[in-house]
Amino acid sequence: MKKLLSFFCILVLNKMVSAQSTIIPIETSENALVLQTDQENHLGIIHFGKKLNHSFEYSQISKAFDYQDNNSGIYHSVYTPGGTWSLVEPAFQVLHADGNTSSDLMYVSHQVQQKNENVSLTTIILKDPVYGTEVSLFFQTFAKENVFEQWTEIKHQEKSSIQLKKYASANLYFVAKDFYLHHYHGSWAKEMMPEDTRLTAGIKTLDSKLGTRANLYQPPTFMLSFDKQSSEESGKVLLGTLAWSGNFKMDFEKDSYNNLRLIAGINPFASEYTLAPNEIFKTPSFIYTYSENGRGEASRNMHDWARKYRILDGEGNRLTLLNNWEATYFDFDEQKLAGLFKGAKELGVDMFLLDDGWFANKYPRNSDRAGLGDWQENKKKLPNGIGYLVKEATKAGVKFGIWVEPEMVNPKSELYEKHLDWVIREPNRPEKYFRNQLPLDLSNPEVQDFVYGVLDNLFTKNPELAFIKWDCNAVTYNAHSIYLEKNKIPQSHLYIDYVRGLYKVLERLRAKYPKVPMMLCSGGGGRVDYGALKYFTEFWVSDNTDPLERIYMQWESSYYFPSIAECNHITDWSKVGIKYRTDVAMMGKMGYDIVVAQLNPQELEFSQKALKNYDKLKETIWQGDLFRLVNPFENKFASLQYVNKQQTKSVMFNYLTIDRYDMNTLLEPVKLEGLNPSKKYSIKEINVFPGTKPIYDGESVYSGEFLMKIGINPKLNHQRSSVVIEINEQN
Ligand code: DGJ
């Protein structure tokens, strides 16, 4: 303990009223966010970007700018309060106990805690001089990864409750000539559709009001380029994401100096939050990384951070699997499943994953119209229960995992009949369904117990269960909670308390079952964020498993999430050959959703070998550095490469994306990246379909310098529409 304490160096700086200004540099190995108080003791952002080698020079920054005061107040506030001197979009807005709507926030003190040699936490306390409302800003930095994690806590000591109307996680200020926002929209089977916007005067908002499945239309992730559009290898770029599995809002506001204010956090839409005296309101984290060497470096930093500090078991192992969703949908029984177990073994995957349709008896889950909520095995399909399936799978030589969607209920279910009070619905209005179902009210502790119980029962009865796929298919219509109503808690707490309830359940589960891998799924990728990924080992990007579509989705999703967390399955969604499907799925955590018995002998042989190749390469794909070499949005093919940290192994994936006549041959080589120029590497084409010949057989050896300056031609063409190349150091 003593040792631990001596490791923590705590520096406390206290300053109530300042004659002289206070400067707070918050640094990573490359970058800095620098804050400074003004004459009135308001704290503003004076720099975001590269750090200065001599930190005493931060005091010269504000003199270098000649911004005049203007009629909107101070633009660069570190946490803009509403109702007093600022007339721009506030980060913080309160209705005080006495009905007053004004807030001001003055700097009080800050402290820096060095948690270890890489992680440091700066805590800043701001206070309203009239009402005493206290706002603590937290900035956790990860030096090596250049990642900032920022969140806020709010409390007060008024006589009775106050109402929080705005409570951002982060309020940032950027100075540049121009700003380009790379953001996303989408819907089911169309996740992560990118769009580029040059920000102009006014506010550009990215937000979601969908509740449970918040990211279906827009995820809380974006890329912001400064001065000009960034590319993979060049340009100033910030990758940002909110760690929250519910409604979010990000406002990008250009001020009259053409600088950019960013306010990111939970969406305050219909979510005024009542805060009792001394209660603490903690916001989710806004996580961001900044690079002046382009998107590639920024995303590699994000991956390193996520694997080490956020995703459950981010540096650990993952299971390859065979899922039965597309193979059977709801139509299966014990015998059919036993056949699939054998297929899984024959293929060579680690596990079989039983999807939707295994439960409910009064209203059997034979389609998505009934049964959700009734988590007892369906006696007709599974007369011997899950336990029997686990045993059979084990006998067949594979592990067994199972799908659940515990947050939801079909009106056609016993749960709905028994517990209408647990369902999110407007009692006085007709119900509105999304996929024939409704969310359960996770703000209610009884519902939290129920959801926890669904999983706990499964594990208690079947301790060998090796995997959970946790789905969530509906958005939240008619957001009304009977629990909140009964307990005289404002309805406007529902969206927030739902997510907090979900996290409570996940906390409890992880306390009891810390290791079991769990896939975060939401009718595809409808809920992927770093709030949930603390509890999950992986996520489902999209139900769209057409490999061509996946190339684009995986490209975009890979900016924010490392490949170890991204489940890619080979399915029959598309009729393109199994090689193309496999080569695309390999760029992540590979799985299958096919009937193995329907593969022809060549396809089976190919798949078995591909899984063996994957086994050799997975460490590099999961833990290595990702380089996006050729962008499919701008070219007729995509090339991506992973390099392990020791620069001894690498793998390059190439996919033809446009099958036009003039693509018959690829004329130029593709330059590799991330290798050691002075090392020698062999080049070998793998995942070669039986009966075809590789162009690179592993005999040719090149220097890293050659591969990075001249490159290698994957020779994509109609017959070779995907090519995977293994690169190994030669001694
Ligand atoms: C949506 C998921 O994204 C699918 O993979 C599948 O699990 C279905 N739900 C099952 O209902």
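The values are calculated or read from the model by the stated rules, or taken from the named source; none is laboratory data. The model shown is predicted, which means the values in this text are computed figures rather than measured ones. Neighbour counts are summed over all protein chains in view; Cβ atoms, including those assigned to glycine, are modelled from backbone coordinates with ideal geometry. Surface areas here come from the heavy atoms of the whole protein model, side chains and all, with no ligands, DNA or RNA. Shrake-Rupley method; radii C 1.70, N 1.55, O 1.52, S 1.80 Å.
If you bin all the Cα-Cα distances of the chain at 10 Å, starting from zero, the percentages per bin are 3, 14, 23, 24, 19, 12, 5, 1, 0. Nonpolar atom fraction for region 417-564, defined as the carbon and sulfur part of the 1.4 Å probe accessible area, stands at 52 percent.
Among the protein heavy atoms of region 639-710, carbon and sulfur supply 53% of the accessible surface, probe 1.4 Å, non-protein parts ignored. The modelled label-to-label distance between Q719 and Q598, using points 7 Å beyond Cα along the C-beta direction, is 2.9 nm. Size descriptors for region 22-125 (Cα atoms only): Rg and Dmax, in that order, 15.5, 49 Å.
Compute the FRET efficiency between E233 and N118 as 1/(1 + (r/R0)^6), taking r as their Cβ-Cβ distance and R0 = 45 Å, and round to the nearest 0.05.
0.95
Note: region 134-227, Cα convex hull, 166 Å³ per residue. Positive contributions from Lys and Arg (+1) and negative ones from Asp and Glu (-1), summed over other residues with Cβ under 9 Å from the Cβ of D593, come out at -3.
A 1.4 Å probe run over the protein chains yields, for the chain, 39 Å² of accessible area per residue, whole-number rounding. The fraction of Cα-Cα pairs per 5 angstrom bin, counted from 0 for region 478-568, comes to 3, 12, 18, 18, 14, 13, 12, 6, 3, 1, 0 percent, rounded to whole percents. Annotation: aspartates and glutamates with alpha-carbon distance below 14 angstrom to K254 (same-chain offsets under eight excluded): E89, D178, D227. For region 354-371, the Karplus equation 6.51 cos²θ - 1.76 cosθ + 1.60, evaluated at θ = phi - 60°, returns couplings of 7, 8, 3, x, 8, 10, 6, 10, 4, 10, x, 7, 9, 7, 7, 8, 8, x Hz by residue, with Gly and Pro reported as x. The orientation-averaged projected area of the convex hull spanned by the Cα atoms of region 577-731 comes to 9.2 nm².
Here the calculated FRET efficiency for V454 and N361, from their Cβ-Cβ distance with R0 = 22 Å, stands at 0.90, rounded to the nearest 0.05. Using a Cα-Cα cut-off of under 15 Å, which aspartates and glutamates could be cross-linked to K612, ignoring same-chain neighbours fewer than 8 residues away? Answer for K612, where 15 Å is the Cα cut-off: E346, D350, D583, E603, E685, E726, listed by chain and number. Summary of packing: across the peptides 522-534, 626-638, 426-438, the per-residue average of other C-beta atoms within 10 Å ranks them, highest first, as 522-534, 626-638, 426-438. Among residues other than Y535 with Cβ under 13 Å from its Cβ, the summed charge is +4 (Lys and Arg +1, Asp and Glu -1). Between K488 and Q646, the contour length at 0.36 nm per residue exceeds the Cα-Cα span by 51.0 nm. Listed values for region 698-709 are Karplus-derived 3J(HN,Hα) couplings in whole Hz (6.51 cos²θ - 1.76 cosθ + 1.60, θ = phi - 60°), namely x, 7, 6, 10, 10, 7, x, 4, 4, 5, 8, 8, and x replaces Gly and Pro. Which entries in K418/K512; K115/K515; K63/K115; K399/K589; K308/K618 show an alpha-carbon gap greater than 22 Å? In this structure, K418/K512; K115/K515; K63/K115 exceed 22 Å between Cα atoms. Return the tail of the calculated pair distribution for region 233-283, meaning the percent of Cα-Cα pairs more than 14 Å apart. Tail of the P(r) past 14 Å holds 69 percent of the pairs.
Convex hull volume of the Cα atoms of region 47-182, normalised per residue: 152 Å³. Solvent-free Debye calculation, one equal scatterer per alpha-carbon of region 258-322: log10 I(q)/I(0) at 0.17, 0.21, 0.29 Å⁻¹ equals -0.92, -1.02, -1.25.
When the Cα gyration tensor is reduced to axis lengths a ≥ b ≥ c, the ratio a/c is 1.5 or higher for region 571-668, and with a/b not above b/c it is classed as oblate. Considering helices alone, the calculated mean residue ellipticity of the chain at 222 nm is -6000 deg cm²/dmol, with DSSP H runs of length four and up weighted by -39500 (n - 2.57) and normalised per residue.
Here, region 214-365 has an Rg and a Dmax of 22.8, 69 Å when only alpha carbons are counted. Among DSSP bridges having both ends in region 560-705, what percentage is antiparallel? Round to the nearest 5. That works out to approximately 75 percent antiparallel. Listed by chain and number, the aspartates and glutamates placed with their C-alpha closer than 16 angstrom to that of K127 are D38, E40, D104, E153, E158, E279; residues fewer than eight positions away on the same chain are left out. Protection proxy ranking of 35-43, 110-118, 139-147, by the mean of other Cβ atoms within 10 Å over each peptide's residues and highest first, is 139-147, 35-43, 110-118. Inter-label distance, S29 to K709: 2.7 nm, where each label sits 7 Å from its Cα along the C-beta direction. If I take R0 = 56 Å and measure r between the Cβ atoms of M193 and A97 in this structure, what FRET efficiency does the formula 1/(1 + (r/R0)^6) give, to the nearest 0.05? Calculated transfer efficiency: 0.80.
Please list 504-513, 224-233, 351-360, 456-465 highest first by mean number of surrounding beta-carbon atoms within 10 Å per residue.
Answer by packing, highest mean first, reads 351-360, 224-233, 504-513, 456-465.
Compute the projected area of the convex hull of the Cα atoms of region 329-429, averaged over all viewing directions, and report it in nm² to one decimal place.
6.9 nm²
Where the alpha-carbon atoms of region 294-350 are placed on the principal axes, they occupy 51, 20, 18 Å, in descending order.
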